[in-house]
Amino acid sequence: MEANRSPQATLNDLIDRILDKGILLNTDLIISVAGIPLLGVNLRLALAGMETMLEYGIMQDWDEAQRAVATKEAEMERPFLGENEKDIFSMFGTHWYSKGIYNSWRSGTIYITDKRLVMHRKMPAEVLLEIHYEEIKAMSIQEKDHFTGEKRKELNILLNNEEVIKMHTADTVLLKQAIEDIMKKKELTLEENTIFPEEKEVPGDFLHPEEKIVNSGKMWYRMPFEAEGSVRYIWKPGHLYLTDQRLCWWYDFEKKLLFDISIEDISHVTVQDVQFGSAPIQEKSLIIMYKEAIENQAVCFYDNEASLREWEKVLEDLIKEYEDDKNTATCPRCGKKASKESLLENGCSRCGWVSFRAKK
């Protein structure tokens, strides 16, 4: 580099000089106090544009490392396409993953190619879903309640092995149409008026073997806790489940059950006003009375009133059915079912069996 002086040089000239030719600063600096040297600075500085730096062999290792990172990131931007495979279009979306103990909507970019449907996540790079069009048996769009309080459209894809894939995008109808268009070009047909298997979305792996869900939904739970020697309450969001064996509430945040009782312990259910926190505000809530050991207990849940009324009816029918089962007996001779009181007092109307108590 040759020294160049110009009294008329502007700031733009200086920047052009730095980017084009670069500058070198070589100086020694000594800091003294009262004539006594205390600090010494030996400074050698090179300032230039990256092209100039690399031209002089400076920062080559850094440049190669950055180029390698950029190349890797570019490769992770999209899934690997097979030979002669063409990418038709892509959109951001989610799909429901419920295998093992992990249950969640996973997000990524959905790629529609001429051979398959792929959902790819950039960071960390992973193919979340891959479906070849030959595997698709039927498709349907369903409206489902969302946690925002609004309904959203979800695409259900039924595979040949009866597995149902659930997907959602900003334009679910467009996604379904794109898949149908490609399948028509490939002369693949979809079944019409197909009944999709019902599947309850259970966020936790807590069901017993062969236990079946009767009713479920998002629900706030008035959870008790001890503070300063007294019992207080706090509202927590989660899921309420009624199975053929028990009633339980799953806390999404901690991923565990915080309330769990047997069906036979439920004694009464009602919807009534309950105060929220310390504010003088009351909202309709679901109150469930149940037995714990020899004591009566109560638990409180909250959601919109329509949902609470539905839960009230389901639980009332369950209580009535259980009471009827408790008051029903079977004739020991012919097996006919009747009320205990009728069998003991009047005997069996089918075979004429009479209890020894009635004979006395």
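The values are calculated or read from the model by the stated rules, or taken from the named source; none is laboratory data. All figures in this text were calculated on a predicted structure; none of them were measured in a lab. Using ideal geometry, Cβ is built from the backbone for each residue, glycine included, and neighbour counts are taken over all protein chains shown.
Things worth noting here:
- Subset of the stretch 224-246 [part of a loop (DSSP other than H, G, I, E, B) and polar (S, T, N, Q)]: Gln245
- Subset of the stretch 341-360 [of a type outside the set (Gly, Ala, Ser) and at pLDDT 70 or above]: Glu341, Leu343, Leu344, Glu345, Asn346, Cys348, Arg350, Cys351, Trp353, Val354
- Against the list (1) touching a residue at least 60 places away in the same chain (Cβ under 8 Å); (2) out of contact with any helix residue (DSSP H, G or I) (no Cβ under 9 Å at 6 or more places or on another chain), the condition Leu242 fails is (2).
- Test result for Val231, farther than 29 Å from Ser104 by Cα, in contact (Cβ under 8 Å) with a residue 24 or more places away in the chain, among the hydrophobic types (A, V, I, L, M, F, W, C) and outside the structural domain of Glu150 (by TED's automatic domain parsing): no
- The single condition among (1) modelled with pLDDT of 80 or more; (2) under 35 Å from the mean Cα position of the chain (by Cα) that Leu39 does not satisfy is (2).
- Of all residues in the stretch 88-95, one or more are surrounded by 14 or more Cβ atoms within 10 Å (Cβ to Cβ), assigned by TED's automatic domain parsing to the domain that holds Tyr133 and either modelled with pLDDT under 75 or of a type in the set (Gly, Ala, Ser) (or both).
- The stretch 212-235: number of residues that are among the charged types (D, E, K, R) and surrounded by 11 or more Cβ atoms within 10 Å (Cβ to Cβ): 2
- In the stretch 96-110, residue modelled with the lowest pLDDT [restricted to those that are closer than 19 Å to Lys144 by Cβ and assigned to a strand (DSSP E or B)]: Ser104
- Residue within the stretch 302-325 that is under 30 Å from Lys218 (Cα atoms), in a loop (DSSP other than H, G, I, E, B) and modelled with pLDDT of 80 or more present: yes
- Within the stretch 220-238, the set of residues being under 18 Å from Ile261 (Cβ atoms), under 21 Å from the mean Cα position of the chain (by Cα) and at pLDDT below 90 comprises Lys236, Gly238.
- Selection of the stretch 218-248 for residues being of a type outside the set (S, T, N, Q) and touching a His at 6+ places or on another chain (Cβ under 7 Å) yields Lys218, Met219.
Okay, residues lined up against (1) assigned by TED's automatic domain parsing to the domain that holds Tyr111; (2) in contact with a helix residue (DSSP H, G or I) (Cβ under 6 Å, 6 or more places away or on another chain); (3) closer than 21 Å to Lys144 by Cβ; (4) part of a loop (DSSP other than H, G, I, E, B):
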residue	(1), (2), (3), (4)
Asp181	yes, no, no, no
Arg222	no, no, no, no
Cys248	no, no, no, no
Glu254	no, no, no, yes
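- One residue stands out among those in the stretch 176-212 that are modelled with pLDDT of 85 or more and hydrophobic (A, V, I, L, M, F, W, C): the one that is farthest from Lys236 (Cα to Cα), which is Leu188.
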